[in-house]
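**Q** Before we start, here is the structure in question, set down as structure tokens.
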Amino acid sequence: MTGRGEAYGVYYLAETSATLVAAIEASRAAIEAGITREELQQSMPAGGARNALDCALWDLEGELKGEPVWKLAGLRPPKALLTTFTLGADEPQAMAGAAIQLEQARALKLKLTGDVDQDVERVRAVRAVRPGVWLGVDANQGYTVSTVERLLPTLIDARVDLLEQPFARGRESDLDGFESPIPIAADESALELADIEGLVGRFSVVNIKLDKCGGLTEALLIAERARHLGLGVMIGCMPGSSWAIAPAYLVGQACSIVDLDAPTILTVDRSPGVTYMGGYLLCGEAVWGSAFAAV
């Protein structure tokens, strides 16, 4: 029997395929001895390596027990999720053209660079050609208090629904007393469960990524804790195939914002893979999470 898991790693923490493989190999003896998901949480730090192993252990348990992972995790049967589609930072008209090409998308997320004048034009250009979509922007740690104050009027005018990670990780205190009519999401500022308490009063949304927190096990705990603290919950992803998206899809069942479009930019995805239709994401158990549950 086989358990499947996939990770890309956290690039801004210098994780690479080589470092992930090395971390897994360092745990080979414990894995081959039958490590549990609970033991894995204690023996390996958060990050891509633990994510791949954690998700593989969930998948294996589902196959051994003949049950889908959503049921093992105490979740309801999953349903299709409205997902954002991401537009990389480019010339404003190029981004507008890309937005038009993504005709199935009902939600878009724009990557910004911190160049206020250019970012203003990017937002305006995309909103002009897609007036009805949900629109979020990812500032990618590129702003300061003074520059984001210049950006906000445009975001408000363009009916932007989310501002993600405006300030650099480590500068979370810059948000103390900062008033924003647009919800602000923590991405790089929220890697794992231990970071969640410090978001309260600064951010209103936490962006969970399995590569950051180290797997489905901790992602579910973060979602529960964030909701308890009154934070909105978002699920995002690093680059990856359907094997990486499928576990996040389960977390997304309890999230108000879903950003799981990574397989759409791949030349070749896993088969079977997740399905995108009418702006929605659908993932069956044959992709990941106990393909043999119905047998």
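**Q** Answer yes if at least one residue in region 51-69 is outside any helix (DSSP H, G or I) and within 17 Å of the chain's Cα centre (by Cα), and no otherwise.
**A** If we filter region 51-69 for residues that are outside any helix (DSSP H, G or I), which is where we start, we get 66-68.
If we keep only those that are within 17 Å of the chain's Cα centre (by Cα) as well, we get none.
No, region 51-69 has no match at all.
**Q** Going residue by residue through region 19-31, is there one that turns out to be in contact (Cβ under 8 Å) with a residue 24 or more places away in the chain, in contact with an Asp or Glu (Cβ under 6 Å, 6 or more places away or on another chain) and surrounded by 15 or more Cβ atoms within 10 Å (Cβ to Cβ)?
**A** Within region 19-31, none of the residues are in contact (Cβ under 8 Å) with a residue 24 or more places away in the chain, in contact with an Asp or Glu (Cβ under 6 Å, 6 or more places away or on another chain) and surrounded by 15 or more Cβ atoms within 10 Å (Cβ to Cβ).
**Q** Additional query: Take region 118-146 and flag every residue that is surrounded by 17 or more Cβ atoms within 10 Å (Cβ to Cβ) and of a type outside the set (A, V, I, L, M). Walk me through how you get there before you give the answer.
**A** We begin by selecting, within region 118-146, every residue surrounded by 17 or more Cβ atoms within 10 Å (Cβ to Cβ); these are 119-123, 125-127, 130, 133-143.
Asp119, Glu121, Arg122, Arg127, Arg130, Trp134, Gly136, Asp138, Asn140, Gln141, Gly142, Tyr143 - these are the residues of region 118-146 that are surrounded by 17 or more Cβ atoms within 10 Å (Cβ to Cβ) and of a type outside the set (A, V, I, L, M).
**Q** Take the residues in region 200-231 that are hydrophobic (A, V, I, L, M, F, W, C) and closer than 18 Å to Met44 by Cβ, then tell me which one is surrounded by the most Cβ atoms within 10 Å (Cβ to Cβ).
**A** Here is the first cut: in region 200-231, the ones hydrophobic (A, V, I, L, M, F, W, C) are 200, 203, 205-206, 208, 210, 213, 216, 219-223, 226, 229, 231.
Okay, now just the ones that are also closer than 18 Å to Met44 by Cβ, so 210, 213, 216, 219-222.
Working: Leu210: 32, Cys213: 28, Leu216: 25, Ala219: 27, Leu220: 19, Leu221: 16, Ile222: 25.
That would be Leu210.
**Q** Starting from residues that are closer than 16 Å to Ile257 by Cβ and part of a loop (DSSP other than H, G, I, E, B), keep the ones in region 80-96 and report whichever is farthest from the chain's Cα centre (by Cα).
**A** Ala80
**Q** Considering only residues that are in a loop (DSSP other than H, G, I, E, B) and free of Cβ contacts under 8 Å to residues at least 40 places away in the same chain, look in region 141-164 and name the one that is nearest to the chain's Cα centre (by Cα).
**A** Taking region 141-164 as the starting set, the residues that turn out to be in a loop (DSSP other than H, G, I, E, B) are 141-144, 158-161.
Narrowing the set further to residues that are free of Cβ contacts under 8 Å to residues at least 40 places away in the same chain leaves 142-144, 158-161.
Numbers: Gly142: 19, Tyr143: 21, Thr144: 24, Ala158: 24, Arg159: 22, Val160: 19, Asp161: 17 Å.
Only one residue fits best here, namely Asp161.
**Q** Another one. Going by the structure shown, is Pro77 modelled with pLDDT of 95 or more, surrounded by 15 or more Cβ atoms within 10 Å (Cβ to Cβ) and over 29 Å from Glu15 (Cβ atoms)?
**A** On the way: modelled with pLDDT of 95 or more: yes; surrounded by 15 or more Cβ atoms within 10 Å (Cβ to Cβ): no; over 29 Å from Glu15 (Cβ atoms): yes.
When the stated conditions are applied, Pro77 does not pass them.
**Q** Also, I was wondering about something else. Give me a count of the residues in region 97-131 that are in contact (Cβ under 8 Å) with a residue 12 or more places away in the chain and within 24 Å of the chain's Cα centre (by Cα).
**A** Residues meeting the conditions: 20.
**Q** Gly5 fails exactly one of the following numbered conditions: (1) surrounded by fewer than 22 Cβ atoms within 10 Å (Cβ to Cβ); (2) part of a loop (DSSP other than H, G, I, E, B). What is the number of that condition?
**A** If we test Gly5 against (1) surrounded by fewer than 22 Cβ atoms within 10 Å (Cβ to Cβ); (2) part of a loop (DSSP other than H, G, I, E, B), just (1) comes out false.
The values are calculated or read from the model by the stated rules, or taken from the named source; none is laboratory data. Every value quoted in this text rests on a predicted model; they were computed, and no experiment measured them. Quick reminder, even Gly has a Cβ in these numbers, built from the backbone with ideal geometry, and neighbours come from all protein chains shown.
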